[in-house]
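Got a structure for you, questions after.
The values are calculated or read from the model by the stated rules, or taken from the named source; none is laboratory data. Quick caveat: nothing in here was measured; it's all calculated off a predicted structure. Backbone-built Cβ (ideal geometry, glycine too); neighbour counts: all protein chains shown.
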Amino acid sequence: MIVLAFETSCDDTSVALVQSPNKVLAVRSASQDQLHEPFGGVVPEIASRNHTLSILPLVEACLSEANISVDQIDLLAVTSRPGLIGALMVGVVTAKTLALAWNKPLVGVNHLVGHLYAPFLQSESGQGPFPPPEFLALTISGGHSALYRVAKFDHFELLGETVDDAAGEAFDKLAKMVGFGYPGGIHVDRAAQTGNAEAFKFPRPFILEERLDFSFSGLKSSAHRLISQMSPEDVLKNRADICASFQEAVVDSLLAKLQAAQKKTGIQLVVLTGGVSANSRLRQRAQEWAQSVGVNLITPPLKYCTDNAAMIGLAGLLYFQNGRRDDQSLSPLPGSLPHDFIRA
Ligand code: KG4
Ligand code: ZN
């Protein structure tokens, strides 16, 4: 089966062709980072407008790269939730229109389920076993930070989540405070490589508690207090140390809960996914932990960590193979559906 997939839930327009079971034939994305950067965050109207400009040329680029004709496509998959409603609308309307015009089945995909399966896309740097046995996933992005137990496809158990900001949001806010552009996670990561992680003390909320939830807003306020007491010159002078200390606090918080969840469930396959899983310090420390306890840790290649349509294609195939179908009544939703995830 070949699926044509669309992702427009935030500011990246992405289209992909994925062949079952998990092979990416083509993935083409148009980043809007430069358009949103002057505003320090995503402007929904700008995102929607640019999705409409990019989406069909990306479909054509994918078809020609993979040398696939419309006749060979068996399914259309599209992110229909959660996300910015106007942005999602562009992908959903495009997928519905093509499904109608080409007379192909259609399936709406939860964006977070896409992230959960990104580590299982076939890739040059190796992927998780497919189909995966039971696994534990830490999904960390600009809008979400959560821990899931996936027993089988369609059994997504939410073990814990952020009670306030997402990890990526925390990185982006710190980046802004120290004068980096948007999105700032990658800049904080790079600056931290030459910084001292013990230079400043930042809080690690919930770290001693049994619950598997995260909180990053106290960390953000603590950084804000520190930075507002410094002169702009001192902030620049200490930027690498601030970034390294802040990053260490985020990584400590994420890993403490991941380790606790692994211990509690005994699951041997663990994946990191979402834009923040590109963080080099997190990858390094997670890998060290996994080796020390003998857990199989899978992190997707960077191109599949951030938002992309290949992960939506793989999730779409799995939805379809599990009997899910959508029709022309498919609508974008800002949040997940109640049955998408089970709260543990
Ligand atoms: O998954 P994603 O592309 O989009 C959402 O669904 O949100 O994640 C984007 C987030 C941004 O907050 C970005 O700053 C963060 O991932 N990010 C990073 C790194 N690369 C991207 N955060 C920390 N370190 C990185 N290397
Ligand atoms: Zn995402």
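Could you please find all residues in segment 162-192 being farther than 19 Å from CYS10 by Cα and of a type in the set (Lys, Arg)?
Residues satisfying the conditions are LYS176, ARG190.
Quick check on my filter: what residues within segment 120-141 are closer than 20 Å to GLY266 by Cα and not aromatic (Phe, Trp, Tyr)?
Of everything in segment 120-141, those that are closer than 20 Å to GLY266 by Cα and not aromatic (Phe, Trp, Tyr) turn out to be GLY128, PRO129, PRO131, PRO132, PRO133, GLU134, LEU136, ALA137, LEU138, THR139.
Working carefully through the options LEU226, LEU254, LEU236, find the one that is in contact with a strand residue (DSSP E or B) (Cβ under 9 Å, 6 or more places away or on another chain), at pLDDT 95 or above and not basic (Lys, Arg).
Numbers: LEU226 fails: in contact with a strand residue (DSSP E or B) (Cβ under 9 Å, 6 or more places away or on another chain); LEU236 fails: in contact with a strand residue (DSSP E or B) (Cβ under 9 Å, 6 or more places away or on another chain).
Selected residue: LEU254, the only one of LEU226, LEU254, LEU236 that is in contact with a strand residue (DSSP E or B) (Cβ under 9 Å, 6 or more places away or on another chain), at pLDDT 95 or above and not basic (Lys, Arg).
Does segment 32-47 contain at least one residue that is touching a strand residue (DSSP E or B) at 6+ places or on another chain (Cβ under 8 Å) and either in contact (Cβ under 8 Å) with a residue 24 or more places away in the chain or aliphatic (A, V, I, L, M) (or both)?
Going through segment 32-47, the residues touching a strand residue (DSSP E or B) at 6+ places or on another chain (Cβ under 8 Å) turn out to be 32.
Next, only the ones that are either in contact (Cβ under 8 Å) with a residue 24 or more places away in the chain or aliphatic (A, V, I, L, M) (or both) stay: none.
So far as segment 32-47 goes, no, none of its residues is touching a strand residue (DSSP E or B) at 6+ places or on another chain (Cβ under 8 Å) and either in contact (Cβ under 8 Å) with a residue 24 or more places away in the chain or aliphatic (A, V, I, L, M) (or both).
Sticking with this one: Looking at segment 99-110, which of the residues that are in contact with a strand residue (DSSP E or B) (Cβ under 7 Å, 6 or more places away or on another chain) and surrounded by fewer than 20 Cβ atoms within 10 Å (Cβ to Cβ) is nearest to LEU272 (Cα to Cα)? Break it down into steps so the answer makes sense when it comes.
Narrowing segment 99-110 to residues in contact with a strand residue (DSSP E or B) (Cβ under 7 Å, 6 or more places away or on another chain): 99, 104-110.
Subset that is surrounded by fewer than 20 Cβ atoms within 10 Å (Cβ to Cβ): 104-105.
Numbers: LYS104: 33, PRO105: 31 Å.
Out of the qualifying residues, it is PRO105.
Provide a single number: the residues in segment 7-36 that are more than 23 Å from THR97 (Cα to Cα), among the small types (Gly, Ala, Ser) and at pLDDT 95 or above.
So the answer is 1.
Let me ask another. Mind listing whichever residues of segment 37-57 are at pLDDT 90 or above and either touching a Ser or Thr at 6+ places or on another chain (Cβ under 6 Å) or of a type outside the set (Val, Ile, Thr) (or both)?
PRO44, GLU45, ALA47, SER48, ARG49, ASN50, HIS51, LEU53, SER54, ILE55, LEU56, PRO57
Filter segment 255-281 down to residues that are of a type in the set (A, V, I, L, M, F, W, C) and within 16 Å of ligand 2 (Cβ to nearest atom) and give me whichever is surrounded by the most Cβ atoms within 10 Å (Cβ to Cβ).
Step one: filter segment 255-281 for residues of a type in the set (A, V, I, L, M, F, W, C), giving 255-256, 258, 260-261, 267, 269-272, 276, 278.
Add one more test, that the residue is within 16 Å of ligand 2 (Cβ to nearest atom), and what stays is 271-272, 276, 278.
Working: VAL271: 26, LEU272: 26, VAL276: 28, ALA278: 22.
Residue satisfying both the conditions and the ranking: VAL276.
Consider VAL3 carefully, then state whether it is among the β-branched types (Val, Ile, Thr), outside any strand (DSSP E or B), away from ligand 1 (no atom under 15 Å from the Cβ) and touching a residue at least 24 places away in the same chain (Cβ under 8 Å).
Details: among the β-branched types (Val, Ile, Thr): yes; outside any strand (DSSP E or B): no; away from ligand 1 (no atom under 15 Å from the Cβ): yes; touching a residue at least 24 places away in the same chain (Cβ under 8 Å): yes.
No: the conditions fail for VAL3.
Against the condition surrounded by fewer than 21 Cβ atoms within 10 Å (Cβ to Cβ), polar (S, T, N, Q) and part of a helix (DSSP H, G or I), how does SER222 come out, does it pass? Write out each step before concluding.
Working: surrounded by fewer than 21 Cβ atoms within 10 Å (Cβ to Cβ): yes; polar (S, T, N, Q): yes; part of a helix (DSSP H, G or I): yes.
Against the criterion (surrounded by fewer than 21 Cβ atoms within 10 Å (Cβ to Cβ), polar (S, T, N, Q) and part of a helix (DSSP H, G or I)), SER222 qualifies.
A further question follows. Restrict the check to segment 285-302 and report whether at least one residue is in contact with a helix residue (DSSP H, G or I) (Cβ under 8 Å, 6 or more places away or on another chain) and acidic (Asp, Glu). Walk me through it before giving the result.
Step one: list which residues in segment 285-302 are in contact with a helix residue (DSSP H, G or I) (Cβ under 8 Å, 6 or more places away or on another chain), which gives 285-286, 289, 293, 295-300, 302.
Okay, now just the ones that are also acidic (Asp, Glu), so none.
No, segment 285-302 has no match at all.
Inside segment 273-322, counting only helices (runs of 4 or more DSSP H) that do not spill past its ends, which hold 1 or more residues that are more than 16 Å from ligand 1 (Cβ to nearest atom)?
Working: elements: 280-293, 302-305, 309-321.
In segment 273-322, the matching helices (runs of 4 or more DSSP H) lie at 280-293, 309-321.
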